[in-house]
Amino acid sequence: MFKKNRGKKIMWIWIILSLILICVGIVMPYGLNVEQRGLEKLMIDMEKKPNGNTLLILAFAVVASNTIHALPIYLGTILLGNEIGKLLNRNWVKIIIPLFLIPPIYIVINTFTEFKPHFGTPALLILLFIILTPFFEKRQLGFFMRSIILIHILFGVQWLDEVPFLTQYGFGHGPISSKVKQWAIEMSFNQTLSLYAIVLCSIFIVNAFILTGYMVRWKIIQEFHQIELEALEARSNKEALNLVHDLKTPLTSMEGLISLISLYNNHPKVSEYCHNITLSINSMNKMISEILYNNHMSTCSLKELVDYIISSRLSGTDKKINLELPDKSEDIMISINKIRITRAIVNLINNAFDAIKDIPKGKVTIKTKVQGDQLLLGVSDNGLGISTKERDKIWQAGYSTKHQSGIGLSFVYQVAKEHNGKVSVESSSGQETVFWIHLLGGIDNENSSH
């Protein structure tokens, strides 16, 4: 429910942003007259001394100015269509809203401002591209990528307004574009201007489609890579679960045989050994259940968990881990899936040891904090830290700086999620790194005096 409400909140933020962009596009002509757009000087120069170079510069300035003015209108209407389409769960709304909203916006601008942008054939071509682009990119691209493509299309199509022979087909009826083409004809420069404009238009339109194809291909490759990783992880988990499940059969046989031994032999020592073996078998069965069922929770003390983690990771090694535990950690009882939490912490410890392997006085520390009914389990190292750029990527399945599988941190994230918690990191380049697992509601208040 929280994620759903958060998603709707973000959606409404994007809708408000889209309306702001549209308003910016509407009011922009009030602050962008010919003088403020830097066109007046060029036009005066052309009046005094007609020159081909000045004309081409003026044409470029006109196209750039028209693109800047049109951009917030098109971006705003496309974003508004996307978000309302998501809200209503109707894809066709994403196309309909820009088509029916952009023409009235131009009517409002032409009615109430001195700047009269011409809504002609170029605007219709841009609307056509807006219709075709979602089919071409197969709805694979996000708003940012589509915005980049839109900028290329806007800038490319606007050049057609400066082609003299296209005027009769509804291109370039705006006052400045008409003046530019008139000067070109008077100077017999119309063919050069036409070639210049058509070449630039072609470059930007073709580049928009190439960019779309490249981005779609990159997106598909990323999704395919993600699917491969998930399939590999699922297969590994399935094989591990099958193996763990198969362990139950010999354990059951062992438990039955131990019962028979204690039944046929009443020697005190044999009975003691059989009892201890039975306790070990029950403990293993409990561990297997926790591995098989990620929602299987058991209660243990914080100290017991930390001791189990250390014995699991350091058994048979000469490595050392420092501990920072709260007072009387043996009295703090927690309800967790002990095996999966241990595996998650061990993953963090392995990463920490990798981070300090070239550090002369490297140190790895297990930290724990209790905040109300929330338990924080942390692993810190005094390595080289994690840069902001890498910190944004480390949670992505498959991302690794050590040429490994890259599923360690994604597993940690999944385990925290199973416990209604989250994972956070405190780090920067050259500083200590701490990974925290926040276990919400992890403290068993009935059995804890803290």
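Placing dummy labels 7 Å off each Cα toward the beta-carbon, the span from GLU272 to PHE224 is 6.6 nm. Highest mean packing first, where packing is the average number of other Cβ atoms within 10 Å per residue, the peptides 189-199, 424-434 line up as 189-199, 424-434.
Taking packing as the residue-averaged number of other Cβ atoms within 10 angstrom, the listed peptides 328-335, 274-281 run from highest to lowest as 328-335, 274-281. Across the stretch 167-180, computed HN-Hα scalar couplings (Karplus, 6.51 cos²θ - 1.76 cosθ + 1.60, θ = phi - 60°) run 4, 5, 9, x, 9, x, 8, x, x, 6, 4, 4, 5, 4 Hz from first to last residue, x flagging Gly and Pro. Annotation for the stretch 18-109: chymotrypsin sites (Phe, Trp or Tyr not before Pro) lying in DSSP loop with at most 15 further Cβ atoms inside 10 Å of their Cβ are TRP92. Summarising the amide proton neighbourhood of LEU440: residues at separation of 5 or more, or on other chains, whose placed amide H is nearer than 5 Å comprise GLY421, LYS422. Couplings 3J(HN,Hα) for the stretch 250-261, derived from phi with the Karplus relation 6.51 cos²θ - 1.76 cosθ + 1.60 (θ = phi - 60°), are x, 5, 5, 4, 4, 5, x, 5, 4, 4, 5, 4 Hz, where x marks Gly and Pro. For THR368, the residues whose amide H sits under 5 Å from its own are GLU324, GLY378, ignoring neighbours fewer than 5 places away on the same chain, with H placed 1.01 Å from N.
Residue by residue, the stretch 195-211 carries 3J(HN,Hα) couplings of 4, 4, 5, 5, 4, 5, 4, 4, 4, 6, 5, 4, 4, 4, 6, 5, 4 Hz when phi is fed to the Karplus relation 6.51 cos²θ - 1.76 cosθ + 1.60 (θ = phi - 60°); x denotes Gly or Pro.
Coordinate-derived values only; no laboratory data. Note that the coordinates shown come from a computational prediction; the quantities given were computed from them, not determined experimentally. In this analysis, Cβ positions are derived from the backbone assuming ideal geometry, glycine residues included, and neighbour counts consider all displayed protein chains.
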